[in-house]
Amino acid sequence: MFRELDKISEVARYLWEKGWAEYNGGNISVNLTEQLQETFKEKGAISGRIEIASELKMLAGELFYVTGTGKRMRDVARSPWENGALIRICDDGRGYELIYKENIPPTSELISHLYMHHCLRQMGRDTKVVLHTHPTELIALTHIKRWLDSEALTQMLWSMIPECRMVVTKGVGVVPYISPGTVELAEATVVELEKHDVIIWEKHGVLAVGDDITTCFDTIDTLNKSAQIYIHAKAAGLQD
């Protein structure tokens, strides 16, 4: 458990230092069922049941660390345990309970995180991490209509630096703007997740899934470097 928390702390610090986590921007969820099963799986809840908008049966009984709503990444970096919540999905998959830190509710984007974890499980993947952050240059590109096309954006980002194609092998999904924290946003996101491991929310941010939070960060970092190179090349006179 502590190794996972150390990695969460490290990546939260990177996000803050990169300028991708203004105020309380971004959030993290990590499935810690394997690490915490003995310690917490049978622990009584410290909150009442909180309903989920859909049945996420494949997550029943599982334990997730999620960053807390309103918590800053610079504070998560300092102390992830004090700035996050541990939740357990109820047996019917239609709710969750807090089992640590009652006064820290999970991120307002929890529904998207849980839908993504559930979708991955339905695809037969045991992926543990969803990382959401606000990379400046990638978000800037979504203000340009031509880059709201997933295939066009993927091909452009792949063309900027060879590593991008190697790291982001499935390309990038794009979700048109939908209000944050909504079921509608979660539903649109999992459609893209069936084809991509990285998804951009228009004018909002980027999500990456993986087995390790550091790898998720590295993937987004590589994509944003491609976006930076494109923006610099355009400023230098690139015609495309």
(message) I need the GluC sites (Glu not before Pro) found in the stretch 175-210, filtered to DSSP loop residues with at most 13 other beta carbons within 10 Å of theirs.
(response) GLU194
(message) Quick check on the exposure proxy: order MET160, MET123 from fewest to most C-beta atoms within 10 angstrom.
(response) MET123, MET160
(request) Measure nothing but the geometry: give the 0 to 90° angle between the long axis through the Cα atoms of 213-235 and the longest principal axis through the Cα atoms of the chain, rounded to 10°. (result) 20
(request) Treat the count of other C-beta atoms within 10 Å as a stand-in for reagent exposure and order LYS7, LYS195 from fewest to most. (result) LYS195, LYS7
(message) Treating the chain as a set of equal point scatterers at the Cα positions, no solvent, please give the Debye-formula log₁₀ I(q)/I(0) at q = 0.09, 0.12, 0.15, 0.17 Å⁻¹.
(response) -0.36, -0.64, -0.98, -1.24
(message) Quick check: the angle from helix 2-18's long axis to the longest principal axis of the chain, C-alpha only, nearest 10 degrees?
(response) 40
(request) Give the relative contact order (percent, whole number) for the chain; include only Cα pairs under 8 Å separated by 6+ residues. (result) 20
(request) Write out the GluC sites (Glu not before Pro) in the stretch 78-145 meeting two conditions: DSSP loop, and at most 16 other Cβ atoms within 10 Å of their Cβ. (result) GLU102
(request) Kindly rank 24-31, 169-176, 207-214 from highest to lowest mean number of other beta carbons found within 10 Å of each residue. (result) 24-31, 207-214, 169-176
(message) Positive end of the dipole of the stretch 2-235, charges at C-beta (+1 Lys, Arg; -1 Asp, Glu), about the Cα centre: which of ASN103, LEU131, ALA235 has its Cα farthest in that direction?
(response) ALA235
(message) Angle check, please: helix 183-193 long axis (alpha carbons) against the longest principal axis of the chain (alpha carbons), in degrees 0 to 90, nearest 10.
(response) 60
(request) Please report how far the C-alpha centroid of the stretch 148-166 lies from that of the stretch 194-208, rounded to the nearest whole angstrom. (result) 14
(request) Count neighbours as other Cβ atoms within 10 Å of each site's Cβ, and list the trypsin sites (Lys or Arg not before Pro) in the stretch 68-101 that are DSSP loop with at most 10 such neighbours. (result) none
(request) Choose one of MET58, GLY70, LEU86: the residue whose Cα lies farthest towards the positive end of the charge dipole of the stretch 2-235 (beta-carbon charges +1 Lys, Arg; -1 Asp, Glu; about the Cα centre). (result) GLY70
(request) Please report, in debye to the nearest 20, how large the charge dipole of the chain is about its Cα centre when each Lys and Arg carries +1 at its beta carbon and each Asp and Glu carries -1 there. (result) 400
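Coordinate-derived values only; no laboratory data. For clarity, every value in this text was computed on a predicted model and none was experimentally measured. Positions of Cβ are backbone-derived with ideal geometry, glycine not excepted, and every protein chain shown enters the neighbour counts.
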